[in-house]
Structure formats: structure tokens, C-alpha cells
Amino acid sequence: MDQHQRLHLLLAYRFRMTTGKALTMNQIIGTTGAQAQRLPAEWEAGMEMARKYATSGPRYTSYPTAPQFSEDFELNRYRNWQARKDSHADALSLYVHLPFCHDICYYCGCNKVVTRKEGVAAHYINELTKELDMQSQLVGKNRPVTQMHWGGGTPTYLNDGEVTELMHNLASRFRLLDKGYREYSIEIDPRTVSPATIALLKGVGFNRISLGVQDFDPAVQKAVNRIQPYRQVADLVSAVRAHGFRSLSFDLIYGLPYQDHLSMAETLRKVISLRPDRIACYNYAHLPERFLPQRSIDRHSLPEPEEKLLLAQMISATLQDAGYRYIGMDHYVLPDDDLAKAQGETRLQRNFQGYSLQLADDLLGLGVSSISQMGDFYLQNARDLPQYYQLLDAGQLPITKGYLINREDKLRRRVIMSLICDLSLDIAEVEKEFGIDFLAHFKQALAELECAFEDRLITLENGRLQVTAAGRPFLRNLCMPFDEYLEHHSQSGKAKFSATV
């Protein structure tokens, strides 16, 4: 990043931190030579703030987080709970993991199998159907499925016939809905889908589409081995609109190799022109020690933490200037989107599917590596295909890890999820719900937030914790002091979690 680019980023950062407001891309790029003379001190101030809060931490799609799940978990406790549970008419959410990809994207940290071998998807569906049989018997076949999401991998690795077969297998074992309010979504790779497939997806029951865009810049796409021209994406967006899907989501990533504020501005211009209903703009997690494909990325081509922070500020400003509403953790939605309405009514939740509506209390994960949240239980399936197949062929559920949450977990989950979903916490409500003195119970956590209070990233006023505009990029940092399982004074978390900034 050259000095002029750094100036643009610094001005955005300084304006945000001193006013609580954000500059748009056009305002940032229109800087003057006179302002450039102030670069050294301002740049150092920006670096200092980023250094202060640059650490590793969870994304909090659950609490406790997945590292707490144990292989010593007694599966019979879960079976017995299901047998006693008198709620087989309660709503249910399904997550289906489809791990296959045709090509590797170097940035990806998902559980995936890269192969072009014929027949692998058909075999997977056969094995997955065994799990459907066992789980539907255990969970109940009559629970209305109000939410369903297919993720991966690449769900559209399946051909049209396989998509139809899998949906039929699900519908014959669970109570899928064809009317009333429901959210049935699928992640698609624009490189593997035609407009005809979009029509088929609508026909089998999906009403939401999530498109993996990541970045439109050709140099960035080449560096991460994911080439997908803008026109290819635009044609699919037209097909999604034509077939009447309820909403369209884009996934973007910042912090990828060779990204800068100018290339990101152009990507955002194209994204905004397509007007997706939801945009998730993820902070790239570079963990090559855990994810081998990331070793193909030159670490010197990646933005520094302070540069990523300022990019995030500009992304936020640009999207909000275009009419999108920030709902938390790098997610933006149009004002009339269901997620925006849900946040206003404190009905927003965060789980392994990201932000969603609270349409079901239980989430059942199906497929290799999937995670379930059923009552007070977290359950994780085998992470590799051979073990997943082996357990199913032996007539066993493929669950290899689990966790039963306790009362303290519930309290801390309530605090963390309120900050993530509502950007605020009513202390009196928590005290009444759990019978605690909040300030006494969380004395240590509040002490660890002292710097964040001083920097006005979060406030404690009138009985409410409130995340400020300046604190939004540091939302994970603000939640971490309430996490009982983090070792705040050790380096052990470095290999487990991604960078928060």
C-alpha cells in the first residue's frame, strides 16, 4: 500500500473514531495534498488502535464454541433426552452439509473434499439418507421444518437429478413446508450454476439464494484461484429475480491478497448495482497451519491488520451510504429485509448458519462435519468422510463430539449473543432472568473491557451495555471477556481462532 492509499484509509479511520460517523469511498478518495502532510502521526495512530485490538478469537456462531466439544460426550444422554422430550410438534431447523468442490479456493477454511471423480455425490447421498432415517426416527417426523440451509463445500456440485433426489429424501422423512413462512436457502457457486438450475432450485422448494462472490477484482480472483466474471454473476442474479426468490445474499471477503481500497471500491460498486438483499462481508482468516490450501497465498500480498480495519470501515460506510443497514458481525441488509425487522424486535439469532430469524429452537445438522444445537446439547458429526461412512454403515449415528451446556454457559451465551445480535444488552433483564448481580458476576469481564470503554467502543450507561459505531469492527473483541473458556493470558488460542481484526 503506497502513501496516498494509506492516507485515504487514515482519513476514514480518523473521521470514524472522532465523530462516530463514516466516510464513503467517494469522500475518502477525494483527499488533498495538504492533508497528506499529516500522514505520519495519523498513520501511527491508526496502527496503534489496530495493534491494541488485533488478537485471535471466536466468531461466536455458538457458545460455548466448538473447541469445547468433547469426544468423551455420552451420546446416550442425548438419546434419553430425546425419548423424554414432549415437543415433537415444535418447529425444527435443518442444516445439510454437502462437502464436495470441483476446484480449490485458496482462502477456504470450510470442511470440503475437492474432487472431479464421478459418483462421489451419488454415494454421499446414499450414505446421508441413512443418517436421515436414524435422525428422523429420533427427532420426530412431524416437526415442521421452518428453516433449512444447504451449505458446503459446494451444494451445487450436485447435478439437477441429485438435488431433486436429496430434497425428496428429506421431504419423505421430515415435514417440509410448501406454504406459510419458511426460509429454505442454498449456497451456490456462480461457476457451477446455470439459469436453468436456478429454476430447478426454486421448483424443489428453495426460496433464498446465497451467492459466493468474494471479490470482483481479476487480480484478487487469480490470487485465490476463483475466477468468476461479473457478467456471470449478474446473469445469475437476473435469473434469481426472474424466478421470484424471496431474497438474495452475497458473500464477500476482505483481507484477501492484493485487495486495496480502490479495488474494493469497484467491487462494492458492482455489488451495489446488483442490489442483493443481504451482504455478508467476512474478515479473511489466514490460518495456513490449519488450512493447507492457504499456503498457496503469499502472506506478503495480504493487507496488514490496520489496513484491514480501515478497509472494513470504508466497506461499512459505503454499504450504509447505499441504503444497507448494519446488523452486526460484518452483515448488512436492506431496511425491509426480514433480518432488519427481526433485529428491531430482538428476534435475531446467530448460530452455525450465521444470522437468521428465530423460527425454531432446535437446529439439526446433517452430513459430514455438521453441528446440531438441540435443546441444551451441541452435537458434531465426524469431520472426515471415511469415519462418517463407517459409522453409518455400522448403523450408528455419525456423532463423534458433543457438549451439554450448564447454567453458567446459558448466562454467558445470553450476554454474548445479545451483543452480537442486538448490539446492546439490558442488564436488568439479564439480572431478572438469571437471578444475578450483573456488575458483581462479571466484574472481571468488565475490567477486561476497560480499554474498550476508554476508547468508546462500548458504553455502560443507564443500565445498558451498548456497542458504539466505532466498536462494531471490534465486536468479537467485546464479546471475548464474557467467554469463560478463553485463556486470556496465553497464546493457546492462536491456532484455534482467526484474527479479530
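The values are calculated or read from the model by the stated rules, or taken from the named source; none is laboratory data. If you're wondering where the values come from, they're calculated on a predicted model, not measured in any experiment. Note: ideal-geometry Cβ built from the backbone for every residue, glycine included; neighbour counts use all protein chains shown.
Structure notes:
- Elements of the type helices (runs of 4 or more DSSP H) sitting completely within region 404-444 and holding at least 2 residues that are among the acidic types (Asp, Glu): these cover 407-422, 427-434.
- Qualifying residue in region 425-437 (condition: in contact with a strand residue (DSSP E or B) (Cβ under 8 Å, 6 or more places away or on another chain) and either free of Cβ contacts under 8 Å to residues at least 12 places away in the same chain or surrounded by fewer than 21 Cβ atoms within 10 Å (Cβ to Cβ) (or both)): yes
- Residue 320 being in a helix (DSSP H, G or I), surrounded by fewer than 17 Cβ atoms within 10 Å (Cβ to Cβ) and either touching a helix residue (DSSP H, G or I) at 6+ places or on another chain (Cβ under 6 Å) or in contact (Cβ under 8 Å) with a residue 24 or more places away in the chain (or both): yes
- Residues that are part of a loop (DSSP other than H, G, I, E, B) and either of a type in the set (Gly, Ala, Ser) or in contact with a Lys or Arg (Cβ under 9 Å, 6 or more places away or on another chain) (or both), drawn from region 191-224: 194, 205, 207, 215, 216
- Selected residue [assigned by TED's automatic domain parsing to the domain that holds residue 184, under 20 Å from the mean Cα position of the chain (by Cα) and surrounded by fewer than 17 Cβ atoms within 10 Å (Cβ to Cβ)] from 105, 110: 110
- The set of residues in region 273-289 that are surrounded by fewer than 17 Cβ atoms within 10 Å (Cβ to Cβ) and part of a helix (DSSP H, G or I) contains only 273.
- Selection status of residue 189, within 30 Å of residue 83 (Cβ to Cβ) and surrounded by fewer than 22 Cβ atoms within 10 Å (Cβ to Cβ): no
- Residue under evaluation residue 46, criteria (1) surrounded by 13 or more Cβ atoms within 10 Å (Cβ to Cβ); (2) modelled with pLDDT of 85 or more; (3) out of contact with any strand residue (DSSP E or B) (no Cβ under 8 Å at 6 or more places or on another chain), criterion not met: (2)
- When residue 107 is tested against the conditions (1) in contact (Cβ under 8 Å) with a residue 60 or more places away in the chain; (2) more than 30 Å from residue 286 (Cβ to Cβ); (3) in contact with a strand residue (DSSP E or B) (Cβ under 8 Å, 6 or more places away or on another chain), the lone failure is (2).
- Neighbours by Cβ (under 7 Å, 6+ apart or cross-chain): first from region 374-399, within 17 Å of residue 139 (Cα to Cα) and charged (D, E, K, R); second surrounded by fewer than 20 Cβ atoms within 10 Å (Cβ to Cβ) and modelled with pLDDT of 95 or more: 376/404; 376/405
- Looking at 328, 255, just one residue is surrounded by 22 or more Cβ atoms within 10 Å (Cβ to Cβ) and among the small types (Gly, Ala, Ser), and that residue is 255.
- Condition met for residue 194 (under 22 Å from residue 251 (Cβ atoms) and in contact with a strand residue (DSSP E or B) (Cβ under 7 Å, 6 or more places away or on another chain)): no
- Residue 260 acidic (Asp, Glu) and farther than 24 Å from residue 60 by Cβ: yes
- Residue 126 within 14 Å of residue 388 (Cβ to Cβ), of a type outside the set (A, V, I, L, M, F, W, C), without any contact (Cβ under 8 Å) to a residue 12 or more places away in the chain and surrounded by fewer than 22 Cβ atoms within 10 Å (Cβ to Cβ): yes
- Single match in 298, 361 (criterion: surrounded by fewer than 19 Cβ atoms within 10 Å (Cβ to Cβ), over 16 Å from the mean Cα position of the chain (by Cα), farther than 24 Å from residue 209 by Cα and touching a residue at least 12 places away in the same chain (Cβ under 8 Å)): 298
Rundown of residues vs (1) outside the structural domain of residue 327 (by TED's automatic domain parsing); (2) buried (at least 19 other Cβ atoms within 10 Å of the Cβ); (3) at positive phi, yes/no style:
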position: 423; (1), (2), (3): yes, yes, yes
position: 442; (1), (2), (3): yes, yes, no
position: 448; (1), (2), (3): yes, no, no
position: 454; (1), (2), (3): yes, no, no
position: 463; (1), (2), (3): yes, no, yes
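- Among the residues of region 210-244, those identified as of a type in the set (A, V, I, L, M) and within 23 Å of residue 284 (Cβ to Cβ) are 211, 213, 219, 220, 223, 224, 227, 233.
- Of the residues in region 346-353, not one is surrounded by fewer than 21 Cβ atoms within 10 Å (Cβ to Cβ) and in a helix (DSSP H, G or I).
- Residue match in region 81-92 (condition: surrounded by 18 or more Cβ atoms within 10 Å (Cβ to Cβ), of a type outside the set (Lys, Arg) and not in a helix (DSSP H, G or I)): yes
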